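Enquirer: So that we are looking at the same thing, I have put the structure below in structure tokens.
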Amino acid sequence: MNVRSQVSMLFHLDKCIGCHTCSVACKNIWTDRKGSEYMWWNNVETKPGTGYPGKWEDQEIYKGGWQKKGDGIELKGAGKKRGLVNIFHNPNMPNIDDYYEPFTYKYLDLIESPEGHDQPTARPVSLITGKPIDIKMGPNWDDDLSGSPDYARNDPNLKELSPAEQEAMFQLERMAFYYLPRICNHCLNPACVAACPSGAIYKRGEDGVVLINQDVCRAWRMCVTACPYKKTYYNWHTGKSEKCILCYPRIEAGLAPACMHSCVGRIRYLGVMLYDADRIHEVASCDESALVKQQIDMIMDPFDSEVIASAKANGVTDSTIKAAQYSPTYKFVKEWNLALPLHPEYRTLPMLFYVPPLLPVMASMREINQDDQKEKLSSVSKKWDDNWLYDTSTEELWGSIEQARFPLKYLASLFSAGDEEKVKDRLKKMMAVRIYRRWKTVGDVTEEKAKHALRDVGLSTKMADDIYYLTALAKFEDRFVIPPAHREEAVELLEFTGDHKGEVGFGPSKSVQRGS
Amino acid sequence: MSILNHFLFIAFPYAAIAVFCVGVTYRYKYASFKISSLSSQFLEGRSLFWGSVPFHFGIIIVFFGHLIAFLFPAEQLLWNSHPVRLLIYEATSLAFGFCVLMGLSVLFVRRLVNPRIRAVTNKMDIFLEILLLVQVVFGCSIALGYRWGSSWFASDLSPYLWSIVKLNPQIEAVSVMPWVIQAHIVGAFMIVFIFPFTRLVHILVAPFHYIIRPYQLVIWNRDRKTIRDPNTEWVPKRPKNT
């Protein structure tokens, strides 16, 4: 056992309202610079949809992530052989048009144009060339376009669905969508790290944040190909790759990352998880059907004395172990088994987990007799002559999950490598908690039925209360349990104080060395 | 003429080598952020393929061709003593020379024509590409006009280059060579001279260490294992990261 700590994240998709506050917070802090205008370290996608960059999930195009090779795994589009052979021209690299050409408007023209017969307009200009352009794509271009043929129909996750199922999904009255916010997953088996020929990308031992050393990056561009989530971006101006840094300066100061701090829907959770680093390779190379289970198995119980001992031997501080014991992500992922990683089949072991969305669609159409109801209406009311009820009651315990507007297969292809049972399991638990709360607050569900629902999915009332609390009521410090970075040692993260012993003052630091 | 020759073939090479060494060391040590291949594939990929790939593979082969004749002149002459082997050697070299010429021309046109690439081009890039282009054109014309360069390079030029290395420059041979060859030599040292100030520095950080490195890279800020063990000796140096 080789226990390390990892700052992991959890996004509760049932709560995401798609407001993009996270994206804007991130953009304002980190990527509002020349060369990084097109980068969205945090972005929010509408699903079904093609995402950003377009069809990023289609690894036949982008060749990201790992694939199985014999007993082990290899990088799909990069790696030692492919990476070095293709170093002069990477055939699998997306280019700026797969994202969008960054642009601005010549606002000054509105004010400074000479007098004329026409109203001056602010023309769009490219931020690369400075020349006027026709905008073809922009940030968040596919927002809420779930029904459109350009976006939703091209979702790579629809591949698994039969044509009939796809048609059913896009019928107007069944139309639905949800949001998928994405940041770097800070994977345990990161493909970007493995693909970097210079060794500029690394995983920080203390908290598992994956970073790119800007002084070592030489623009070999393999990380852009290798990351299956397309979360490393190439800065065309500086000639260096950049990616989400999980706001490590904020984390070290005990603050939540900007995207999480600003989250309006409070969908984001951040906490430490302890995992067994010896198992990374084995888990990443296991059978596709076992990937999710193995990855969750690999996360260790922070209360287990053996785990604690191994963590301590590895230099994990006591405060980090304590944070792991209070970690909200651990509860969601391991204790309650409510969350799933995004596209586990890429085998990078992502440490950002998602609670799949229940969607506002757990309703059924039921034929009922409306006559009684109609008689109650006044004579001037409009009377509908149909006998259908759009039924949102919880009478049917589990039936409605299979009847959801989104085929489970669709969610499964995003979150569990196609295993519908896993998604169903999570959704049922959420449904059970919902029924349980309905009994408590509304009361139109019997206690017996509520308890039965919980028993069915293996939740105790205590667990249901905890899930409810952490989902609906959780305060800031419940959602973000960030271990102290030990500020007393923080200066040593950058410089070793021993190197500067014997120096005085604040001037240029010259080491005091004996002449020879 | 002799003063000019002394300058071009003695003073200038030494100046170029000195500037190269100091410049490269400084840039690597203090301006590492500025060392990058500055790839523009992200902005334009299709014509880059027809430029970059033949250019790079060509220039690597051509560079090693020159290097072999410089380092092992005797072996080179021995190889060339058989006409078939000489022909094979010269033909491959020339073929790759043309590869460079073609690739570089594509790259040069791409750099001038494509507005996106223009946006990431500076004056030094243009100067460097012109210099390289001239150098390649001279190189190819020498190969065609002054036959069996691999032999006379080994017998006449290699001693000159070695004399520079040995700090005892002998320029008799080079000073009577045709002007194209002289220009090619000066051009070569010009490239060495401006090397630290161009994007050529990426050659020196070519990622060969990738081959032997493990795929995953984990870096600890401090070696806490050492820090937390009270039995370890206190050392004034920072504990090594593992």
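Enquirer: Enumerate the whole-percent occupancy of each 10 Å bin, from 0 to the last occupied one, for all C-alpha pair distances of region B:129-184.
Expert: 23, 49, 27, 2
Enquirer: What does the charge dipole of region A:231-362 about its Cα centre add up to, to the nearest 20 debye, if the Cβ of each Lys and Arg holds +1 and the Cβ of each Asp and Glu holds -1?
Expert: The dipole magnitude comes to about 660 debye.
Enquirer: Can you tell me the orientation of helix B:179-194 relative to chain B, as the angle in degrees between its alpha-carbon axis and the longest Cα principal axis, to the nearest 10?
Expert: 10
Enquirer: What value, in deg cm²/dmol to 500, does the helix sum -39500 (n - 2.57) over DSSP H runs of n ≥ 4 give at 222 nm once divided by the residues of chain A?
Expert: -7500 deg cm²/dmol
Enquirer: Rounded, prolate or oblate, given the Cα gyration tensor of region A:1-109, with a/c below 1.5 counting as rounded?
Expert: Oblate, because a/c is 1.5 or more while a/b does not exceed b/c.
Enquirer: About the Cα centre, and with charges only on the beta carbon of Lys, Arg (+1) and Asp, Glu (-1), how big is the dipole of the protein assembly as shown? Nearest 20 debye, please.
Expert: 1980
Enquirer: Could you give the length gained by full extension between A:Tyr469 and A:Ile133, i.e. 0.36 nm per residue of separation minus their alpha carbon distance, to one decimal place?
Expert: Roughly 115.9 nm would be gained on extension.
Enquirer: Determine the shape class of region A:201-304: with a ≥ b ≥ c the square roots of the Cα gyration tensor eigenvalues, call it rounded for a/c under 1.5, and otherwise prolate if a/b is greater than b/c, oblate otherwise.
Expert: Judged from the Cα gyration tensor, region A:201-304 comes out oblate (a/c at least 1.5, b/c at or above a/b).
Enquirer: Helix-only estimate, please: 222 nm mean residue ellipticity of chain B, summing -39500 (n - 2.57) across DSSP H runs of length 4 or more and dividing by its residues, to the nearest 500.
Expert: The per-residue figure over chain B is -20000 deg cm²/dmol.
Enquirer: Report the label-to-label distance for B:Ala91 and B:Lys34 in nanometres (one decimal), using points 7 Å from each Cα along the Cα→Cβ vector.
Expert: Those two pseudo-labels are separated by 4.7 nm.
Enquirer: Could you work out which residue, out of B:Arg110, B:Arg213, B:Arg147, moves most in a Gaussian network model of chain B, that is, has the largest mean-square fluctuation with Cα springs under 10 Å?
Expert: Evaluated over chain B, the most mobile residue of the options is B:Arg213.
Enquirer: Working from Cα positions, state the angle (0 to 90°, nearest 10) between the long axis of helix A:21-30 and the longest principal axis of chain A.
Expert: Here the helix axis deviates by roughly 10 degrees.
Enquirer: Within the set A:Lys322/A:Lys449; A:Lys230/A:Lys475; A:Lys15/A:Lys231, which residue pairs have Cα atoms separated by over 27 Å?
Expert: Distance filter (> 27 Å) returns A:Lys322/A:Lys449; A:Lys230/A:Lys475.
Enquirer: Here's something else I'd like to know. Dividing the convex hull volume of the alpha carbon atoms of the protein assembly as shown by its residue count, what do you get in Å³ per residue?
Expert: 263
Enquirer: Please name whichever of A:Phe480, A:Gly418, B:Pro83 sits farthest to the positive end of the charge dipole of the protein assembly as shown, dipole taken about the Cα centre and charges placed at Cβ: Lys and Arg +1, Asp and Glu -1.
Expert: Result: B:Pro83, furthest along the dipole toward the positive end.
Enquirer: Pulled fully out, how much extra length does the chain show between A:Glu448 and A:Ser379, if you take 0.36 nm times their separation in residues and subtract their Cα-Cα distance?
Expert: Computed gain between A:Glu448 and A:Ser379 is 20.7 nm.
Enquirer: Normalised by the empirical 2.2 N^0.38 Å for globular proteins, what value does the Cα Rg of chain B take?
Expert: Against the empirical 2.2 N^0.38 Å value, I get 1.27 for chain B.
Enquirer: Which listed residue (B:Ala69, B:Ile203, B:Ser32) has the Cα farthest towards the positive end of the charge dipole for region B:2-208, taking +1 on Lys and Arg C-beta and -1 on Asp and Glu C-beta about the Cα centre?
Expert: Final value for the positive-end residue is B:Ser32.
Enquirer: Provide the per-residue ³J(HN,Hα) series for region A:162-168, in order, calculated from phi with Karplus coefficients 6.51, -1.76, 1.60 and θ = phi - 60°, each as a whole number of Hz, with x at glycine and proline positions.
Expert: Computed from phi, the couplings for region A:162-168 are 6, x, 5, 4, 5, 4, 4 Hz.
Enquirer: Given the C-alpha centroids of region A:319-341 and region B:22-63, what is the distance between them in whole angstrom?
Expert: 45
Enquirer: With the alpha-carbon atoms as the only input, what is the per residue convex hull volume for region B:125-232 in Å³?
Expert: Here the figure is 223 Å³ per residue.
Enquirer: Using a 7 Å offset from Cα along Cα-Cβ at B:Leu133, what residues in region B:95-119 end up with backbone N under 19 Å from the label point?
Expert: B:97-119
Enquirer: Sticking with this structure for a sec: Give the long-range amide H neighbours of A:Phe480: residues separated by 5 or more places, or on another chain, with amide H under 5 Å away, using H modelled in the peptide plane at 1.01 Å from N.
Expert: Residues meeting the criterion, in which the H sits 1.01 Å from N, are A:Leu270.
Enquirer: List every residue whose amide H lies under 5 Å from the amide H of A:Tyr178, counting only residues 5 or more places away in sequence or on a different chain, with H placed 1.01 Å from N in the peptide plane.
Expert: HN-HN under 5 Å from A:Tyr178: A:Lys47.
Enquirer: Follow-up. Give me the percent relative contact order of chain B, please, defined on Cα pairs under 8 angstrom at least 6 residues apart.
Expert: 30
Enquirer: Can you list the chymotrypsin sites (Phe, Trp or Tyr not before Pro) in region A:283-356 that are in a DSSP coil and have 11 or fewer other beta carbons within 10 angstrom?
Expert: A:Phe303
Enquirer: Which shape class applies to region B:1-128: rounded if a/c is under 1.5, otherwise prolate when a/b exceeds b/c and oblate if not, where a ≥ b ≥ c are the square roots of the Cα gyration tensor eigenvalues?
Expert: Note, shape of region B:1-128 comes out oblate.
Enquirer: Then there's this: Along the positive direction of the dipole of chain A (beta-carbon charges: Lys, Arg +1; Asp, Glu -1; about the Cα centre), which of A:Val333, A:Ile280, A:Trp384 reaches farthest?
Expert: Most positive-ward Cα: A:Ile280.
Enquirer: About the Cα centre, and with charges only on the beta carbon of Lys, Arg (+1) and Asp, Glu (-1), how big is the dipole of region B:81-207? Nearest 20 debye, please.
Expert: 480
Enquirer: Taking 7 Å along the Cα-to-C-beta vector as the label spot, tell me the B:Leu167-A:Phe476 distance in nanometres, rounded to one decimal.
Expert: Going from the B:Leu167 label point to the A:Phe476 one covers 6.8 nm.
Enquirer: At B:Phe7 and A:Gln325, where each label point lies 7 Å from the Cα along Cα→Cβ, what is the point-to-point distance in nanometres?
Expert: The answer from the label model is 8.0 nm.
Enquirer: Could I ask something else about it? Hey, what's the Kirkwood Rh for region A:405-494 if you take every pair of different alpha carbons, in angstrom?
Expert: Hydrodynamic radius (Kirkwood, Cα pairs) of region A:405-494 is 15.9 Å.
Every read-out reported here was derived from the displayed coordinates using simple, explicitly stated rules and does not represent laboratory data. All of these numbers come straight from a predicted model, not from anything done at the bench. We place every Cβ from the backbone using ideal geometry, glycine too, and count neighbours over all the protein chains shown.
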